[in-house]
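Below is one structure, written out as structure tokens, with a few remarks after it.
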Amino acid sequence: MSRGRLTVAAVGAAAVAAAIGFVVAGIGRTPTPTTPLGPPRFVEETATAGIGQVYDGPLAYFTGGGVAVFDCDADGRPDAYVAGGTNRAGLYHNDSPIGGSLHFTAVRDPATDLDSVTGAYPLDVDGDGIVDLAVLRIGGNVLLRGLGGCRFERANERWSVAGGNEATMAFAATWEGSATLPTLAFGDYVDPAATDPHHLCSDNQLVRPAASGTGYAPPLALSPGYCALSMIFSDWDRSGRLDLRISNDQHQYMDGEEQLWRMEAGAAPRLYTADEGWVRVNVEGMGIASYDLTGDGFPEVFLTSQGENRLQTLTSGPGQPTYRDIGLKRGVSADRPFIGGDPLPSTAWHPEFEDVNNDGFIDLFISKGNVRQQEDYALRDPSNLLLGQADGTFKESADTAGILSYDLGRGAALADFNLDGLLDLVEVNLGSPPRIWRNLGVGDAAAASSAHWLALRPEQPGPNRDAIGAWLEVRVGDMTMRRELTVGGGHAGGQLGWIHVGLGPASGADVRVLWPDGTAGAWTRVGANQFVVLDRASGSARPWTPPAP
């Protein structure tokens with residue numbers, strides 16, 4: 001069944017079949033994906049989708065502009081919270097029919113209609129099964145507690161989080177040990193009061209749960225700060241410890257670098273040093289994306305920048321945090337516009353690894369756009385859609401896919417907004433409305449037969465219900481795809497919800513979760529082209545049926 005041609009009836013039939021017996025011993029031969037497909041066809045639906053939010057503002061806001069994608073009313077559809085800068089931020093409920101055109105309705109509420117918002121990240125802070133929001137602002141971050149039904153309330157005082165008074169552009173979260181609340185990290189940018197050219201950046205803030213178990217302790221400064229624009233907690237060495245990686249804007253520091261903070265439970269964070277194998281890297285760090293590209297079980301790290309982007313891999317395993325760059329070899333440096341005639345270097349922001357054509361090979365989207373009118377960098381700088389190839393390289397396809405734009409791109413998200421098994425795209429722009437594209441799939445029948453998919457969502461009891469810090473593994477033939485579940489990275493925004501996996505020609509896959517405490521779930525066989533909840537409590541993989549239109 002073509003993922004791009006699913007009708008409402010077909011989805012319903014697939015869901016019924018899945019409910020009867022989607023977990024099957026011996027679904028049939030599971031071929032390994034070997035043939036990369038061409039680009040899917042995207043159709044732009046900006047004018048009719050209903051998201052007219054504009055992110056804008058003076059210089060201080062140029063490095064923000066994120067979008068949080070999550071389900072705010074438990075109907076299974078991804079909704080969106082879009083930063084506004086000096087305009088009001090906006091929450092948009094997803095009303096898209098299954099397989100149909102994308103449509104959103106604004107949810108107006110003083111709790112979410114905040115000003116000075118640069119970005120936002122979804123996470124379930126209090127473990128009640130309702131998604132909350134960490135809203136990044138210039139002049140005081142806000143934690144919003146989800147109440148259900150796309151309603152929120154301010155929760156800074158409830159959870160004892162002051163919010164600071166800096167220009168916050170980055171965020172990450174994870175659960176440490178048996179804590180009932182997540183550890184939060186806020187990445188701050190230029191300190192407007194600074195006069196020392198060697199210390200122009202605010203310190204970043206680490207907020208850990210209070211020892212009493214109620215609310216949070218006072219923030220801990222992560223000093224020195226070098227103007228963070230992205231951060232992520234990652235078990236980079238598969239030790240079970242999640243360290244904090246921070247990408248910093250080289251334009252704003254003289255003596256700084258990229259950073260990796262070692263996070264030991266019960267101990268103060270400390271920076272990795274050259275003696276431990278850390279290699280100094282300087283980039284105009286904008287965004288972070290991670291994925292196990294090499295299949296060795298350890299995540300590669302993609303860093304966006306101005307000019308050449310970086311794709312880093314461990315040089316010799318997990319013994320030391322020593323990375324080398326393989327971006328040029330893999331074809332993802334993307335240092336200049338691939339079309340449009342502007343010869344100057346690019347400015348890249350949000351990176352995201354996803355499989356947009358369901359061929360089983362991971363792809364890479366990179367949003368791009370000049371800071372505003374920086375003369376040394378390209379003014380006509382379209383975003384990239386780099387399709388993964390069988391040999392591990394990537395091929396530019398944004399123009400043929402139909403997502404070519406010369407707006408000033410910032411944050412973005414690839415998500416299946418209409419629940420048809422195809423990843424759609426929303427991209428926030430500086431000074432103009434977000435652009436929204438619907439994915440129609442690869443099109444022809446031959447390609448469609450090699451474009452199966454799964455949408456997975458791990459769940460576990462306890463405070464960390466969404467299993468942040470877990471690893472999701474999907475085995476298709478001789479290929480095992482691995483994704484670390486994180487809150488952070490990207491540029492000024494992230495996602496929480498269904499995890500999309502392309503299967504290529506396979507009609508099913510073996511899936512398992514390596515849970516945050518190190519427990520390995522059992523391999524379970526599931527059929528393709530469906531939504532599946534991986535429930536730790538019952539050990540089951542249960543199908544989820546999209547709601548009726």
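Highest first, please rank the peptides 402-410, 267-275 by the mean number of other Cβ atoms sitting within 10 Å of their residues. Display every interim value, and only then the final one.
Values: 402-410: 22.8, 267-275: 11.8.
Result, highest mean first: 402-410, 267-275.
Rounded to the nearest 500 deg cm²/dmol, what is the calculated helix-only ellipticity per residue at 222 nm for the chain, with -39500 (n - 2.57) per DSSP H run of length n ≥ 4?
Details: 6 runs with 34 residues, N = 549.
Here the helix-only value at 222 nm equals -1500 deg cm²/dmol.
Taking 0.36 nm per residue of sequence separation and subtracting the Cα-Cα distance, how much length would be gained by fully extending the chain between residue 324 and residue 196, in nm to one decimal? Please report the intermediate quantities before stating the final value.
Values: separation 128, 0.36 × 128 = 46.08 nm, distance 3.25 nm.
Length difference between fully extended and current span is 42.8 nm.
Please list, in order, the residues from region 241-265 whose amide nitrogen is less than 18 Å from a point placed 7 Å along the Cα→Cβ vector of residue 517.
241-242, 265
Would you please state which residues of region 128-159 a label at residue 115 would reach in this model, taking the label point 7 Å out along Cα→Cβ and a backbone N cut-off of under 19 Å?
Backbone N within reach: 135-143, 154.
Taking the Cα centre of the chain as origin and charging only Cβ (+1 Lys, Arg; -1 Asp, Glu), how large is the dipole, in debye to the nearest 20?
Details: 40 positive and 66 negative charges, 219 e Å.
The calculated dipole for the chain is roughly 1060 debye.
What ³J(HN,Hα) values, in whole Hz, does the Karplus curve 6.51 cos²θ - 1.76 cosθ + 1.60 give for region 365-371 when θ = phi - 60°, with x put for Gly and Pro?
Going residue by residue, I get 9, 10, 7, 9, x, 3, 3 Hz, with x marking Gly and Pro.
Charges on Cβ only, +1 for Lys and Arg, -1 for Asp and Glu, centred on the Cα centroid of the chain; of 159, 42, 261, which one is farthest towards the dipole's positive end?
The residue sitting farthest along the positive end of the dipole is 42.
With a 10 Å radius around each residue's Cβ, average the other Cβ atoms per peptide and rank 336-344, 432-440, 282-290, 203-211, highest first. Numbers along the way, then the final one.
On the way: 336-344: 14.9, 432-440: 21.9, 282-290: 24.3, 203-211: 20.1.
Result, highest mean Cβ count within 10 Å first: 282-290, 432-440, 203-211, 336-344.
Tell me, what is the FRET efficiency for residue 254 and residue 391 to the nearest 0.05, using R0 = 25 angstrom and their Cβ-Cβ distance as r?
Values: r = 41 Å, r/R0 = 1.62.
Approximately 0.05, to the nearest 0.05.
Would you mind computing the Rg to Rh ratio of the chain from its alpha-carbon coordinates, Kirkwood style for Rh? Intermediate values should be presented prior to the final figure.
Values: Rg = 21.5 Å, Rh = 23.1 Å.
Computed over Cα atoms, the ratio is 0.93.
I need the peptides 145-156, 105-116, 351-362, 219-230 ranked by packing, meaning the mean over residues of other C-beta atoms within 10 angstrom, with the highest value on top. Can you show the working numbers first?
Numbers: 145-156: 18.0, 105-116: 16.3, 351-362: 26.6, 219-230: 21.8.
Highest mean packing first, the order is 351-362, 219-230, 145-156, 105-116.
Taking 7 Å along the Cα-to-C-beta vector as the label spot, tell me the residue 404-residue 217 distance in nanometres, rounded to one decimal.
Here the modelled spin labels are 5.5 nm apart.
Bear in mind that the values in this text are calculations on the coordinates, not laboratory data. In this text, all values refer to a predicted model and were calculated from it rather than measured experimentally. Don't worry about glycine lacking a Cβ; one is built from the backbone with ideal geometry, like all the others, and counts go over all protein chains shown.
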